[in-house]
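The values are calculated or read from the model by the stated rules, or taken from the named source; none is laboratory data. Quantities reported herein were computed from a predicted structural model and do not represent experimental measurements. Counting neighbours? That spans all protein chains shown, and the Cβs are built from the backbone with ideal geometry, glycine included. Protein only, heavy atoms only, side chains kept; ligands, DNA and RNA dropped before computing areas. Shrake-Rupley method; radii C 1.70, N 1.55, O 1.52, S 1.80 Å.
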Amino acid sequence: MAILVTGGMGYIGSHTCLELLELGYEVVCIDNLSNSSPESIRRVEELTGKSVRAYIGDVRDEALLRQIFAENTIDCVIHFAGLKAVGESVSIPWKYYDNNLNSTLVLTKVMADVGVKRIIFSSSATVYAGDNQMPLREDSRTGGCTNPYGWTKYMTEQILSGMAFADRDWSVVLLRYFNPIGAHHSGRIGEDPQGIPNNLMPFITQVAVGRRERLNIFGNDYDTPDGTCIRDYIHVVDLAKGHVAAISYVMQNQGCEVFNLGTGQGTSVLEMVNTFMEATGVNVPYVFAGRRAGDLPVCYAGTDKSAQVLGWKAEKTLFDMCRDSWAWQSKNPMGYLEK
Ligand code: NAD
Ligand code: UFG
């Protein structure tokens, strides 16, 4: 079976390509390198001893997509390609709406034309409204997004679910990720953010490796046990395995289903920093800074539906996530620049 992975050279995409290859799937990928390096897929090939058919190009390039579907017999698409920097989406909204919406529109247009109507989409916990009770369930209220990035995820969910409603040949799975961190245990592939990291774990690892002086913890006056924000961190390898489970589902069903991919466990920023220091033996200096605009105090997933319907559950611990993030960062202090 052949899977087209858009954005396959990125953080989650490269880990998913690796899992797919190890399970014997054929993998075709397209990536425009806007936030990645082809070195990731070269290393996936090295780790698995198998090859990926990689196309460098944009998912909005309809002619290229038609070529890819003509040259390969694709059974299903996993659509990771997208821009994901929340802050940048506030300053350059058009870029996010263009990239994230038009990539999906062009992709699904070509898929419909060639009769491949199975797609798994990378959505996010950010689509949930801010006033839900925890844990967030798939039927919790969505909308009220606080930034254009979040709206692109929300709108893409609407586009894909509307298509599946109108044409029952479509099979759509929307996966709402919580906070992916960690790396393949080899330390050969991992998250390689450009510039100053927005997210907690890459910031921690860059402090640990000496690229940054200290971590700013955004807020210690939240209504949580230690005053810092709580999130549901999930190991990227568990997340990749969630996509494998979703392939089985999408191949056997029609319509549109949404699943959370999280652990169901909440971890505070301070707990994360302390677990990282324990797992790695490396000190992470930090200071408390003001709250970051838009942060929710607490966010974690309900996991019953993905366990019951997909038969998938995250297995790795917070300790595993910290150890593996550090394996990647310490072996590749400058990310993929280090060959
Ligand atoms: P990433 O930036 O590492 O990967 C995305 C990849 O898509 C990159 O390799 C980039 O070059 C490529 N890309 C972007 N636009 C493209 C286009 N128009 N054509 C071709 N390639 C394009 O990000 P990631 O963390 O691996 O995230 C993958 C997906 O999961 C994204 O859609 C993201 O929004 C979503 N997601 C990520 C998180 C997270 O915290 N990492 C959380 C929720 C959802
Ligand atoms: N944090 C710090 N210091 C930092 C970075 C983060 O204290 O330098 C804190 C944040 O304030 C937050 C927690 O660490 O309390 C986690 O922050 P991240 O930026 O790692 O993750 P978020 O939960 O804010 O955002 C993630 C994804 C977004 C997505 C959102 C909701 O990065 O793409 O989840 O699903 F929109």
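Of all residue pairs spaced 6 or more apart or on separate chains, those with beta-carbon atoms under 6 Å, a first member in region 302-313 that is within 19 Å of Gln133 (Cβ to Cβ) and a second member that is open to solvent by 20 Å² or more (accessible area, probe 1.4 Å) and part of a loop (DSSP other than H, G, I, E, B) are Gly302/Pro135; Gly302/Arg137; Thr303/Gly264; Lys305/Glu138. Could you grab me the full set of residues in region 96-128 that are open to solvent by less than 10 Å² (accessible area, probe 1.4 Å), more than 16 Å from ligand 2 (Cβ to nearest atom) and within 30 Å of Tyr300 (Cα to Cα)? Selection gives Ser103, Thr104, Ile119, Ile120. Report whether or not Gly150 is of a type outside the set (Val, Ile, Thr) and not in a helix (DSSP H, G or I). When the stated conditions are applied, Gly150 does not pass them.
Can you tell me which residues in region 1-58 are of a type in the set (Gly, Ala, Ser), buried (at least 18 other Cβ atoms within 10 Å of the Cβ) and either away from ligand 2 (no atom under 16 Å from the Cβ) or assigned to a loop (DSSP other than H, G, I, E, B) (or both)? Give the steps one after another, and end with the answer.
Going through region 1-58, the residues of a type in the set (Gly, Ala, Ser) turn out to be 2, 7-8, 10, 13-14, 24, 34, 36-37, 40, 49, 51, 54, 57.
This time we only want the ones that are buried (at least 18 other Cβ atoms within 10 Å of the Cβ), so: 7-8, 10, 13-14, 36-37, 40, 54.
If the condition is that a residue be of a type in the set (Gly, Ala, Ser), buried (at least 18 other Cβ atoms within 10 Å of the Cβ) and either away from ligand 2 (no atom under 16 Å from the Cβ) or assigned to a loop (DSSP other than H, G, I, E, B) (or both), then Gly7, Gly8, Gly10, Ser14, Ser36, Ser37, Ser40, Ala54 are the ones that fit.
Screening the candidates Ala240, Ala279 for the property of being outside any loop (DSSP other than H, G, I, E, B) and buried (at least 20 other Cβ atoms within 10 Å of the Cβ) yields one hit, Ala240.
Quick check on region 243-260: of everything there that is open to solvent by less than 10 Å² (accessible area, probe 1.4 Å), away from ligand 2 (no atom under 11 Å from the Cβ) and not β-branched (Val, Ile, Thr), which residue is farthest from Met321 (Cα to Cα)? Out of the qualifying residues, it is Gly255.
Once region 150-176 is narrowed to residues that are among the hydroxyl-bearing types (Ser, Thr, Tyr) and surrounded by 22 or more Cβ atoms within 10 Å (Cβ to Cβ), the residue that is nearest to Asn35 (Cα to Cα) is Thr152.
Out of everything in region 209-234 that is of a type in the set (A, V, I, L, M) and in contact with a strand residue (DSSP E or B) (Cβ under 9 Å, 6 or more places away or on another chain), what residue ends up being surrounded by the most Cβ atoms within 10 Å (Cβ to Cβ)?
Residues of region 209-234 that are of a type in the set (A, V, I, L, M), as a first pass: 209, 215, 217, 230, 234.
Checking the rest, the ones that are also in contact with a strand residue (DSSP E or B) (Cβ under 9 Å, 6 or more places away or on another chain) come to 215, 217, 230, 234.
Working: Leu215: 22, Ile217: 21, Ile230: 21, Ile234: 26.
If we take residues in region 209-234 being of a type in the set (A, V, I, L, M) and in contact with a strand residue (DSSP E or B) (Cβ under 9 Å, 6 or more places away or on another chain), then Ile234 is surrounded by the most Cβ atoms within 10 Å (Cβ to Cβ).
Considering region 163-223, the qualifying strands (runs of 3 or more DSSP E), each wholly inside and each with 3 or more residues that are closer than 19 Å to Cys17 by Cβ, run over 171-177.
When restricted to residues that are over 26 Å from Val250 (Cβ atoms) and among the small types (Gly, Ala, Ser), region 64-101 contains 4.
Remark: pairs (first residue in region 243-266, in contact (Cβ under 8 Å) with a residue 24 or more places away in the chain; second residue surrounded by fewer than 20 Cβ atoms within 10 Å (Cβ to Cβ) and among the polar types (S, T, N, Q); Cβ separation under 7 Å; 6+ apart in sequence or on different chains) = Cys256/Ser161.
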